[in-house]
Amino acid sequence: MVDLSVSLGGTKLLNPVIPASGTFGYGLEFKDLYDLNILGAISVKGTTKEPRFGNPGPRIAESPSGMLNSVGLQNPGIDAVLNHELPALRTHYKKPIILNISGFSPAEYIYCCSLAENSESVDMIEVNISCPNVSHGGMSFGTTASGAAEITHFARAATKKPLFIKLSPNVTDISEIARACESEGADGLCLINTLLGMRIDLKTRRPILKNTFGGLSGPAVLPVALRMVFEVYRAVKIPIIGMGGISSPEDVIEMMAAGAAAVQVGAANLINPYACRDIIASLPSVMERLNIKNIRDITGAAHTK
């Protein structure tokens, strides 16, 4: 019998598989497909202070082994999420809920984290400083160590709940940024968010996405995500939630071997709505085949000599 349980910032998870923010809505969209309580946790759709319609379309483009999105943080705003979306999810889901927060100023991050601190529906907070799909916000704070440290500092002051900072891969030194977040009190890190990319329509000779650029996700980014999780694991002592191209139980174990304590599954949910369920169901047999009794023991295995 294998043990799938993991711990993140003092929060125990039944298993390490978490649907990634932006790919699972607010959970209710999947409740009729399978029992949501099999999931380790759920990271809900990115939330901002005010409601956002998002970017104009087209905002999705296919790519070999992945997809580009430029959704632009479409959401009903923090008040609607905390007062309606999460309580509705709580009626069906009893395991940890991760609230993903984005902002366009330190004040917005403080405001949202303060409200989340007082919400019984929020177990963990994931502060997104890495969204490549909005101008003058999100990723603008996450591309420098000083910017990441500033937002982490203010978010930490606004909440005592487990605080994870979501990092961008569109940087020169992700380890420096990770250390800056750790130094300002982050309980953990999430990486990676999408890689900035684009596609061009050969008939029109114009970018396919209305916003020109979008975030690349899917299997194509897995090797990059693995490399960055590997680097950050060496740089910090706080837990990492690894993400980027995970679509199988083998991918989960590989990401954990690079240094992740848990994983998030993103684009795979958009291709197969049963992706997380199937990965969780298959994990025990893959662990037995690889002689892994406790999945926690695999975290950082690639670093041992």
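The values are calculated or read from the model by the stated rules, or taken from the named source; none is laboratory data. Just so we're clear, the structure is a prediction, and the values are computed from it rather than from any experiment. Positions of Cβ are backbone-derived with ideal geometry, glycine not excepted, and every protein chain shown enters the neighbour counts.
The figures follow:
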{"quantity": "Whichever residue in the stretch 36-61 is small (G, A, S) and closer than 30 Å to I200 by Cβ and, among such residues, is surrounded by the fewest Cβ atoms within 10 Å (Cβ to Cβ)", "calculated": "G57"}
{"quantity": "Which numbered condition L270 misses (of (1) closer than 17 Å to N37 by Cβ; (2) assigned to a helix (DSSP H, G or I))", "calculated": "(1)"}
{"quantity": "Given (1) over 16 Å from the mean Cα position of the chain (by Cα); (2) modelled with pLDDT under 95, index of the condition S102 fails", "calculated": "(1)"}
{"quantity": "When residues of the stretch 19-52 are limited to those that are under 14 Å from the mean Cα position of the chain (by Cα) and among the hydrophobic types (A, V, I, L, M, F, W, C), the one nearest to I271 (Cα to Cα)", "calculated": "F24"}
{"quantity": "Qualifying residue in the stretch 178-195 (condition: surrounded by fewer than 20 Cβ atoms within 10 Å (Cβ to Cβ), of a type in the set (A, V, I, L, M, F, W, C) and out of contact with any strand residue (DSSP E or B) (no Cβ under 6 Å at 6 or more places or on another chain))", "calculated": "no"}
{"quantity": "Residue check for T212: surrounded by fewer than 24 Cβ atoms within 10 Å (Cβ to Cβ) and among the polar types (S, T, N, Q)", "calculated": "yes"}
{"quantity": "Hey, K160 part of a loop (DSSP other than H, G, I, E, B) and farther than 26 Å from T48 by Cβ or not", "calculated": "no"}
{"quantity": "Residue count, the stretch 223-260 (criterion: closer than 16 Å to I279 by Cα and either assigned to a loop (DSSP other than H, G, I, E, B) or in contact with a Cys (Cβ under 7 Å, 6 or more places away or on another chain) (or both))", "calculated": "6"}
{"quantity": "Looking only at the stretch 157-177, and only at residues there that are of a type in the set (K, R) and in contact with a strand residue (DSSP E or B) (Cβ under 6 Å, 6 or more places away or on another chain), the one that is farthest from G103 (Cα to Cα)", "calculated": "K161"}
{"quantity": "Count of residues meeting criterion [surrounded by fewer than 21 Cβ atoms within 10 Å (Cβ to Cβ) and among the charged types (D, E, K, R)] in the stretch 162-177", "calculated": "2"}
{"quantity": "Unmet criterion (only one of (1) within 28 Å of L195 (Cβ to Cβ); (2) out of contact with any strand residue (DSSP E or B) (no Cβ under 6 Å at 6 or more places or on another chain); (3) surrounded by fewer than 24 Cβ atoms within 10 Å (Cβ to Cβ)) for P96", "calculated": "(2)"}
{"quantity": "Some residue of the stretch 131-152 being in contact with a Lys or Arg (Cβ under 6 Å, 6 or more places away or on another chain) and over 27 Å from G9 (Cα atoms)", "calculated": "no"}
{"quantity": "Among the candidates A220, A302, residue that is assigned to a helix (DSSP H, G or I) and in contact with a strand residue (DSSP E or B) (Cβ under 6 Å, 6 or more places away or on another chain)", "calculated": "A220"}
{"quantity": "Condition broken by V81, with the remaining ones in (1) surrounded by fewer than 21 Cβ atoms within 10 Å (Cβ to Cβ); (2) assigned to a helix (DSSP H, G or I) satisfied", "calculated": "(1)"}
